[in-house]
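What follows is a short report on a single structure.
Coordinate-derived values only; no laboratory data. None of the values given here were measured: they were computed from a predicted structure. Quick reminder, even Gly has a Cβ in these numbers, built from the backbone with ideal geometry, and neighbours come from all protein chains shown.
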Amino acid sequence: MVLEADICIAGGGAAGITLARELRGSGAEVLLLEAGPESRDEDHQTLYEGETSGEAEASQLKNSRLRAFGGTTGHWSGWCQALEPIDFESRDWIPRSGWPLDRETLDPFYRRAVDDVEIGASEWDASTIMERAGRALLPFDETNATSVLYQYSPPTRFGEAYGDDLEAADNVEVYLHANVVHIALNANGDAVERLECETLEGNSFTAEADEFVVAMGGLETPRMLLASNDRKSDGIGNDHGHHEQWLEWLRGGAHHMGTTRMSARPEKGVVDADCKVHGVDNLYVGGSSIYPSVGAANPTLTLVALAIRLADHLEAQV
Ligand SMILES: Cc1cc2nc3c(=O)[nH]c(=O)nc-3n(C[C@H](O)[C@H](O)[C@H](O)COP(=O)(O)OP(=O)(O)OC[C@H]3O[C@@H](n4cnc5c(N)ncnc54)[C@H](O)[C@@H]3O)c2cc1C
């Protein structure tokens with residue numbers, strides 16, 4: 001079986017669902033391929049087992065991710081904060097820091113993302129908020145400590161909250177149990193031809209589209225790019241050995257970031273400022289794997305903002 005669309009999104013977590021929702025009514029036919037079922041089950045979750053080296057605990061591979069519609073938002077805690085302007089800047093003391101875009105560029109998308117995670121306005125200055133509430137900040141000596149503002153999502157479970165929106169959209173088709181097992185490039189290795197998928201029952205099908213987005217989480221995305229190595233022996237987007245290096249650096253924990261970093265030049269990262277894989281015309285990445293550097297903020301609000309920005313970009317392409 002061959003499924004066809006204008007835009008094919010692999011992974012129905014926070015990033016994939018946000019993208020698909022943004023593309024409702026866009027005129028583009030959208031396909032969302034989600035590996036898992038509607039809610040967590042052990043058979044699909046077992047696919048997230050694996051081995052680790054170094055500090056990372058192997059149990060974290062299975063426990064820190066959810067392979068079901070809605071992805072890891074099925075058990076996220078909902079802490080939200082925008083990255084600070086300095087988090088986007090290049091700093092001598094942080095190797096390979098610096099984004100090819102700045103906070104100001106992301107601000108309009110943060111303003112839209114707050115609705116997706118169901119928090120208040122995109123307002124992050126603690127003193128402004130406290131002043132507005134007629135209350136004083138805690139009296140810290142600002143040379144040693146500073147007040148920061150977090151907002152708390154309910155937390156939004158993206159699958160439960162937004163499944164009906166996608167069901168109702170005429171131009172969006174969601175396929176569950178659709179495990180992408182291979183990204184097939186053309187003979188030149190500069191464009192994706194199709195995604196190959198399998199169900200746990202052993203059925204297989206392919207998805208063809210003009211544009212593809214891989215949004216399978218911070219570990220599965222680089223794993224799939226590396227494993228799709230029939231055209232390029234080091235995997236997709238790995239001409240300069242990035243993924244292996246960054247997967248190696250990844251420590252255990254709930255937030256998987258920086259495994260397919262964003263960079264202006266291909267020598268420094270995997271995707272460009274539009275989230276497009278360097279050297280591959282029609283392949284994009286959604287999710288926190290593209291963060292080149294971060295600060296203290298948790299990742300989800302920013303990846304939702306980036307998904308909204310990517311949806312705008314894709315809509316302009318098709
Ligand atoms: C315990 C815990 C608490 C957290 N708390 C917070 C918090 O307070 N604040 C915060 O900002 N973040 C938090 N996070 C992180 C947050 O959950 C993630 O940032 C967010 O879910 C990532 O979204 P994503 O779409 O990139 O990936 P995911 O949500 O993981 O979605 C990836 C999707 O891709 C699918 N997929 C995987 N492989 C394939 C394949 N081969 N084919 C097709 N589909 C596939 C998966 O089934 C999944 O649905 C927490 C995480 C954990 C584990």
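What number, rounded to the nearest 500 deg cm²/dmol, is the helix-based mean residue ellipticity at 222 nm of the chain, given -39500 (n - 2.57) per DSSP H run of at least four residues and division by all its residues?
Counting only the DSSP helices, I get -7500 deg cm²/dmol.
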Worksheet, complete the sentence: the chain: relative contact order from alpha carbon pairs under 8 Å, six or more residues apart, as a whole percent, is 26 percent
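So if each residue of separation counts as 0.36 nm, and I subtract the Cα-Cα distance between residue 111 and residue 130, what length gain in nm does that give?
4.9 nm
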Worksheet item: residue 62: net charge of surrounding residues, Cβ under 15 Å, Lys/Arg +1, Asp/Glu -1, itself excluded?
Response: -3
Worksheet entry | Label point at residue 167 placed 7 Å out along Cα→Cβ; residues across region 35-50 whose backbone nitrogen lies under 20 Å | 35-41
Discussion item. What distance in nm lies between label points placed 7 Å from Cα along the C-beta direction at residue 92 and residue 41?
Written reply: 5.7 nm
Practice prompt. Pull up all non-local amide H partners of residue 182: gap of 5 or more, or a different chain, and H-to-H distance under 5 Å with H placed in the peptide plane.
Written response: 196
Response to the item:
Distance in nm between residue 146 and residue 59 label points, each 7 Å along Cα→Cβ, equals 3.7 nm
Practice prompt. Go through region 131-147 residue by residue and turn each phi into a ³J(HN,Hα) via Karplus (6.51, -1.76, 1.60, θ = phi - 60°); whole Hz please, and just put x for glycine and proline.
Written response: 4, 4, 7, x, 10, 8, 5, 4, x, 7, 6, 5, 6, 10, 8, 9, 8
Worksheet item: Any idea how far the Cα center of region 255-270 sits from the one of region 179-215, in Å?
Response: 22 Å
Response to the item:
The answer for the net charge of residues other than residue 176 whose Cβ lies under 10 angstrom from its Cβ, with Lys and Arg +1 and Asp and Glu -1, is -2
Worksheet entry | Integer Hz, Karplus 6.51/-1.76/1.60 couplings in order for region 149-156, x for Gly and Pro | 10, 10, 10, 10, 5, x, x, 5
Worksheet item: Length gain on complete extension for the stretch residue 317 to residue 138, per 0.36 nm per residue less the alpha carbon to alpha carbon distance?
Response: 59.6 nm
